Each structure stands twice: as C-alpha cells, then as structure tokens.
1. On a full-extension model of 0.36 nm per residue, what is the gain between R29 and A41, subtracting their alpha-carbon distance, rounded to one decimal in nm?
2. Percent of alpha carbon pairs in the range 3-47 separated by more than 11 Å?
Amino acid sequence: MTEHERRVLKLFVGGRRTDEIAAELGISRDEAIELTISVLAKIQRDRMPPDPTPPPLAAAAALAIPYQRAEDVPRHVGRALPRKGSHRSPTR
C-alpha cells in the first residue's frame, strides 16, 4: 500500500467522508473515491483465504460438458409437442 493510500485509509477509518478526505489531502473527490475503493479492495484481498488447489485433471474432465451432436438432440426440439391426451403425432 502506498503512503498516499495509507493516509486515505487513516482518514477513512477515522470516520471522514470522501469529500472531507479530498479536501484534507488536496485531491479531487473522484480521486478520493478511487483511492478509498483501491484501499478497501487491497484490504479485502489480504483477508481472503488462498485459492484451494485445483481439482485433478481426471475430475476436471469428468465435470466438463460433453460435445453434443445434432443426432443427439430429440426430434421435437423447435416444434410444439402434442398435448396430453391428443392422439395426433407431431407434424414433421
């Protein structure tokens, strides 16, 4: 964290609003907002647990969505299905 970010954090923790932080540091309100967001993101990132280890390749392959061929798609896709109790077959 930079020295500038540390000053913003100190003021923010002290209960200052972003426009008060901007006035005290002599920066624009937008810059104060960006710095506050940056500081909070860095704090959040530091508190996050490390990423879990990736699954083994075999497990990743088993979870992959298989490729679907046109002949695997049911014939009724894209056409209305007959109503329940109707004896007519769907139009082709």
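1. Length difference between fully extended and current span is 2.5 nm.
2. That tail contains 60 percent of the Cα-Cα pairs.
Taken together, the values in this text are just the output of simple stated rules run on the coordinates, not laboratory data. Computed from a predicted structure; not experimentally measured.
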